[in-house]
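Visitor: Sharing a structure here in structure tokens format.
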């Protein structure tokens with residue numbers, strides 16, 4: 001290339017960099033800074049999860065300051081009058097200390113056991129000095145029954161000002177959803193208390209009523225991407241039935257005919273593959289949903305997770321995984337790779353989805369593996385499950401249908417895919433303000 005050509009390329013690169021920097025400066029969510037939220041004797045950050053069978057157990061975690069030494073939870077059958085509170089069980093909490101950047105706090109957890117299936121319970125947490133309000137939860141049925149769940153891609157940035165409207169819209173849309181799935185990067189700074197404070201503030205009482213199943217993203221690690229943040233196993237009480245060393249990150253839960261499997265896509269990929277094969281091979285559930293952070297097929301420009309794809313995708317194919325729910329790429333992509341497609345990876349009908357719920361957006365890749373895509377649009381997903389059909393809806397934060405399909409179980413072969421999105425709904429394919437990795 002001659003000198004004039006080099007100069008032209010230099011000018012072009014400078015313009016691209018300048019335009020990207022200008023877009024980044026214009027991104028409105030960049031002006032939002034999380035606020036410090038020190039603990040007090042009053043319980044906060046109340047969140048429901050599971051550590052065991054959802055039909056007979058429930059777990060809850062919350063935070064106080066160090067003055068609370070004898071925390072506990074009260075539980076009773078929910079009743080139509082306040083008289084229900086006269087007949088409660090009192091369960092001592094397991095308490096641990098977390099030294100965060102805003103100072104130390106106590107985090108308390110209780111595992112409710114010996115519950116009745118498909119039963120509405122009321123509970124509250126705290127101590128004799130200060131109690132939370134009463135919350136409700138319903139246990140799962142012991143047998144497969146229809147239900148719904150919610151799925152969110154990365155909240156990550158400006159969570160309270162911008163992501164709060166997504167979780168509230170989702171709850172308004174599907175108030176009877178039985179749990180919420182998070183595909184990683186719940187926050188930007190996993191070791192910063194203020195970022196978790198925003199996530200809890202945005203979710204509010206919804207987190208205490210609808211259980212959470214979460215998988216860690218790269219932002220749940222320290223800044224060197226080596227160690228998982230101590231917040232993870234402190235604020236979540238999740239199953240420990242996965243790969244040793246990845247407790248509450250690699251796990252599975254069986255819920256009314258669906259096996260939900262969480263994998264940690266940040267580390268120990270091959271170790272998890274060996275465990276995953278056993279969990280898929282010995283699977284009593286009719287439907288299988290796998291969640292992790294880094295996509296098998298990337299929807300963002302300049303990304304590829306080949307090691308993960310080569311390790312895990314053959315197992316998804318072999319054992320007929322129905323849905324793979326992912327995050328990380330800060331846009332939307334949905335598609336499945338069937339054997340008749342002339343690509344290098346083949347497939348057996350697994351549906352791969354990448355989504356984003358927070359304000360931080362990336363541009364779409366030009367490698368169009370997706371049947372439906374979108375950029376610069378905040379989304380949530382509602383999945384309705386029956387014995388033979390899985391109905392999927394992706395919704396914009398303003399309540400518009402963005403994507404929809406049904407997966408119908410077949411006696412032989414992959415699921416029948418029925419596209420249910422009405423014609424004429426355009427894709428959002430305009431550049432993201434504040435494009436950033």
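Visitor: Given springs between every Cα pair under 10 Å in a Gaussian network model of the chain, which of 219, 106, 136 has the largest fluctuation?
Guide: 136
Visitor: Rounded to the nearest 5, what is the percent of antiparallel bridges among the DSSP beta bridges in the range 209-359?
Guide: 45
Visitor: For helix 306-318, what angle does its Cα long axis make with the longest principal axis of the chain, in degrees from 0 to 90 and rounded to 10?
Guide: Tilt relative to the chain: about 70 degrees.
Visitor: Going highest first, how would you order 72-79, 300-307, 207-214 by mean Cβ packing within 10 Å? Display every interim value, and only then the final one.
Guide: Details: 72-79: 17.8, 300-307: 15.0, 207-214: 22.9.
The densest-packed peptide leads the list: 207-214, 72-79, 300-307.
Visitor: Please work out how much length the chain gains when fully extended from residue 240 to residue 303, using 0.36 nm per residue of separation minus the C-alpha to C-alpha distance, in nm with one decimal.
Guide: Taking 0.36 nm per residue and subtracting the Cα distance, the gain is 19.6 nm.
Visitor: May I pose another question? For the pair residue 142/residue 410, report the inter-label distance in nm, with labels modelled 7 Å from Cα in the Cβ direction.
Guide: The two pseudo-label positions are separated by 3.6 nm.
Visitor: While we're looking at this one, here's another question. Mind sorting 193, 143, 271 by how few other Cβ atoms lie within 10 Å of their own Cβ, fewest first?
Guide: Working: 193 22, 143 10, 271 16.
Listing 193, 143, 271 from fewest to most nearby Cβ atoms yields 143, 271, 193.
Visitor: Could you order peptides 118-129, 403-414 by the average number of other Cβ atoms within 10 Å of their residues, highest first?
Guide: 118-129, 403-414
Visitor: Over the chain, what is the relative contact order in percent, taking alpha-carbon pairs closer than 8 angstrom and at least six residues apart?
Guide: After rounding, I find 15 percent.
Visitor: To check you understand DSSP bridge types, tell me what percent of the beta bridges within the chain (both residues inside) are antiparallel, rounded to 5.
Guide: Approximately 80 percent, going by the DSSP bridge assignments.
Visitor: Determine the calculated [θ] at 222 nm for the chain from helices alone, applying -39500 (n - 2.57) to every DSSP H run no shorter than 4 residues and normalising by the residue count; nearest 500 deg cm²/dmol. Walk me through the numbers before you get to the answer.
Guide: Numbers: 6 runs with 77 residues, N = 437.
My calculation for the chain gives -5500 deg cm²/dmol from helical runs alone.
Visitor: Restricting to Cα pairs below 8 Å that are 6+ residues apart, what does the relative contact order work out to for the range 141-245? Please round to a whole percent.
Guide: On the way: 140 pairs, mean separation 28.8, N = 105.
Answer for the range 141-245 is 27 percent.
Visitor: Using a Förster distance of 41 angstrom, determine the FRET efficiency expected from the C-beta separation of residue 69 and residue 176, and round it to 0.05.
Guide: Details: r = 38 Å, r/R0 = 0.92.
Taking R0 as 41 Å, the efficiency between residue 69 and residue 176 is 0.65.
Visitor: If we sort 243-251, 85-93, 147-155, 33-41 on the protection proxy, mean other Cβ atoms within 10 Å, highest first, what's the order?
Guide: So the order, starting with the most tightly packed, is 147-155, 243-251, 33-41, 85-93.
Visitor: What FRET efficiency would be calculated for the residue pair residue 36, residue 398, taking the C-beta separation as r and a Förster radius of 45 Å, to the nearest 0.05?
Guide: That gives a FRET efficiency of 0.90.
Visitor: If you fit an axis through the alpha-carbon atoms of helix 3-26 and take the longest principal axis of the Cα set of the chain, what angle between them do you get, 0 to 90°, nearest 10?
Guide: For 3-26 against the chain, the angle is about 20 degrees.
Visitor: Nearest 10 degrees is fine. How inclined is helix 269-281 to the longest principal axis of the chain, computing both from alpha carbons?
Guide: So the inclination is approximately 70 degrees.
Visitor: Also: Please report the relative contact order for the range 44-138, taking Cα pairs under 8 Å with a sequence separation of at least 6, and give it as a percent rounded to a whole number.
Guide: 31
Visitor: Between residue 120 and residue 205, what is the spin-label point distance in nm, taking each point 7 Å from the Cα along the Cα→C-beta axis?
Guide: Roughly 1.5 nm, to one decimal.
Visitor: Let me ask something else about it. With r defined as the distance between the Cβ atoms of residue 83 and residue 282 and R0 fixed at 60 Å, what FRET efficiency is calculated, to the nearest 0.05?
Guide: Here the calculated transfer efficiency is 0.85.
Visitor: While we're here: Once you have all Cα-Cα distances for the chain, histogram them in 10 Å bins from zero and send the whole-percent values.
Guide: 4, 21, 31, 25, 13, 4, 1, 0, 0
Visitor: Return the single residue from 110, 102, 382 with maximal mean-square fluctuation; model: Gaussian network over the chain, springs between Cα atoms under 10 Å.
Guide: 102
Visitor: What is the Cα coordinate range of the range 44-138 on the first, second and third principal axes, sorted by size from largest, in whole angstrom?
Guide: The principal-axis extents, from largest down, are 41, 28, 17 Å.
Visitor: Which of 241, 227, 116 moves most in a GNM of the chain, Cα contacts under 10 Å?
Guide: Maximum fluctuation in the GNM of the chain, among the listed residues, is at 227.
Visitor: Using 0.36 nm per residue, how much length does the chain from residue 367 to residue 130 gain when fully extended, once their Cα-Cα distance is taken away?
Guide: Contour length minus the Cα-Cα distance gives 79.8 nm.
Where a number appears in this text, it was derived from the coordinates with a stated rule and is not lab data. These figures come from a predicted structure and were not determined experimentally. All Cβ positions, even for glycine, are placed from backbone atoms using ideal geometry, and neighbour counts span all protein chains on display.
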